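Heads up: the structure comes next, in structure tokens.
Derivation of every value follows stated rules applied to the coordinates shown; laboratory data play no part. In this text, all values refer to a predicted model and were calculated from it rather than measured experimentally. Ideal geometry is used to build each Cβ from the backbone, glycine not excepted, and the neighbour counts take in all protein chains shown.
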Amino acid sequence: KARENMESYIQDLELLSPKLILVNNVGAAPLTEINKIKDSLVEQITNTVRWRESVDNMCDLGVDNFIELGAGNVLSGLVKRINKSVDSSSIQNIENIENYINILEG
């Protein structure tokens, strides 16, 4: 049911082409085509995600700063275990977002 709901929702959603590299967690590969991005969002509902491979591939593509958005910090902790040389942080609320933006702006 969740997959069907997501598929129905995604089908009508208008997405723009990503400006940055988007790596999906099911295939652990970069995606640029809107239809493939939509398909991957649906696939994540019922398929195993390949988190380690996704992180490794992002690092191979030059990503060295990972930001987890939302409650908790499990994923940012996993990123740090996968690759100790990258920066990984968790932003859990609006105040954290504002602080992070201030840090980035210097």
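For this structure, a couple of remarks:
- Computed magnitude of the charge dipole of the chain (debye, nearest 20; Cβ of K, R +1, Cβ of D, E -1): 380 debye
- Counting Cα-Cα pairs of the chain in 5 Å increments starting at 0 gives whole-percent bin shares of 2, 11, 17, 18, 21, 18, 9, 3, 0, 0.
- Projecting the Cα atoms of ILE67, SER54, THR32 onto the charge dipole of segment 32-106, computed from C-beta unit charges around the Cα centre, puts SER54 farthest toward the positive end.
- Length-normalised contact order of the chain in % [C-alpha pairs under 8 Å, at least 6 apart]: 19 percent
- Count, lysine Cα pairs under 23 Å in the chain, 8 or more residues apart or across chains: 4
- Cα gyration tensor shape of segment 64-106, rounded if a/c is under 1.5, else prolate or oblate by comparing a/b with b/c: oblate
- Note on segment 1-45: Cα-only Rg and Dmax are 10.5, 32 Å.
- Inter-centroid distance (Cα atoms) of segment 63-85 relative to segment 26-46, Å: 21 Å
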